[in-house]
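These notes are about the structure you will find just below.
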Amino acid sequence: MILTRILLCEANFKNKMKRLSKIKIEKNYAQALLKAALNENVLDKVQKDMHALKSVRDVERIDSPLIERERQTALIDMLQKKLWLQKTTVQFLHVLDENNSLNRFMGIATQFDDMILARQNVEKVVVETAQPLTERQEEKLIRGLKRNLKKDVVISYVLNDNILGGLILRIGSFEIDDSLKNKLKTLENMMKGLS
């Protein structure tokens, strides 16, 4: 448990030493939690804890300056009992609380999930469409992505009727825009060039 505390405090120390972006800070915390969970051989349990905590909307509100420090600690302990959280997860929450970083919890949880997927050689893909894909379209998309990425994929769908049709794929920082809106914009730019 002491190792967990050291790793988590190390993440905050790095954050104070450098002026880091929000995402970098969240990655540091997520990496520290991942190391601690691996060192204590409780990765699966901590992963389940993080998913359970993501469904609790009040986690980030615990960090409110309107709530006294003792009450914040009591709320974390209440979550531990209610959700049967691992000691590693509870220590992590307490470190976030001490560092006034509970307001970053959702971002940290997302980074943690991404790190777990990377360890499992799974790629996270966001698919934006104007309307839901049919089962057949979805199966074809998944097969194509697995074949081209040479990895398993986890897909999250976003509906956006502004793209008119087609789809936009986001894989990490890479984006493929095959939307009707983009095609019309390209055609419009070509027409402007001809006149």
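Read-outs: derived from the displayed coordinates by stated rules, not from any lab. Just so it is clear, the model here is predicted, and its values are computed rather than measured. Cβ coordinates were reconstructed from backbone atoms using ideal geometry, including for glycine residues, and neighbour counts include every protein chain displayed.
Name the residue that is nearest to Asn121 (Cα to Cα), counting only residues in region 136-195 that are among the basic types (Lys, Arg) and over 27 Å from the mean Cα position of the chain (by Cα).
Residues of region 136-195 that are among the basic types (Lys, Arg), as a first pass: 136, 140, 143, 146-147, 150-151, 170, 181, 183, 185, 192.
From the residues that got through so far, the ones that are over 27 Å from the mean Cα position of the chain (by Cα) too are 136, 181, 183, 185, 192.
On the way: Arg136: 25, Lys181: 33, Lys183: 33, Lys185: 36, Lys192: 45 Å.
Step by step, filter region 136-195, then rank; the result is Arg136.
For the condition without any contact (Cβ under 8 Å) to a residue 24 or more places away in the chain and surrounded by 15 or more Cβ atoms within 10 Å (Cβ to Cβ), what is the one hit in Ile116, Ile142?
Numbers: Ile116 fails: without any contact (Cβ under 8 Å) to a residue 24 or more places away in the chain.
Step by step, each of Ile116, Ile142 is checked, and only Ile142 is without any contact (Cβ under 8 Å) to a residue 24 or more places away in the chain and surrounded by 15 or more Cβ atoms within 10 Å (Cβ to Cβ).
Please enumerate the residues belonging to region 27-58 that are assigned to a helix (DSSP H, G or I), over 12 Å from Met106 (Cα atoms) and aliphatic (A, V, I, L, M).
Ala32, Leu33, Leu34, Ala36, Ala37, Leu38, Leu43, Val46
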